[in-house]
């Protein structure tokens, strides 16, 4: 019976540690997404000069393999009388965070 308060205190400390670790990880992920988003946006603007853009969205992250992770972004492009979606895929190394490539293509 004396060990019950000790067990409860230990579980509480464990929950605090886990929640702190999860919060730290999500902040790192958000910063990483912002970094790749800026690069994708620049590449899209270079590909479609003079166009207007709307509905910019982050579609998600996929682990391609141990050496590559992919972040995907989508935007609607209006160029002259044509409106279409464009997808940007940013590939980077998940450990070093070095960019491998950016692919932009019309959907």
Expressed in nanometres to one decimal, the distance between label points 7 Å along Cα→Cβ at residue 96 and residue 80 is 4.2 nm
Using only the C-alpha atoms of the stretch 28-107, find the volume of their convex hull and express it per residue in Å³.
81 Å³
On full extension of the chain, what length is gained from residue 37 through residue 58, given 0.36 nm per residue of separation minus the C-alpha to C-alpha distance?
6.8 nm
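A short reminder: the numbers here are calculations on the coordinates, not readings from a lab. Small disclaimer: the values here were computed from a predicted structure and weren't measured. Note that each Cβ is placed from the backbone with ideal geometry, even for glycine, and that neighbours are counted across all protein chains shown.
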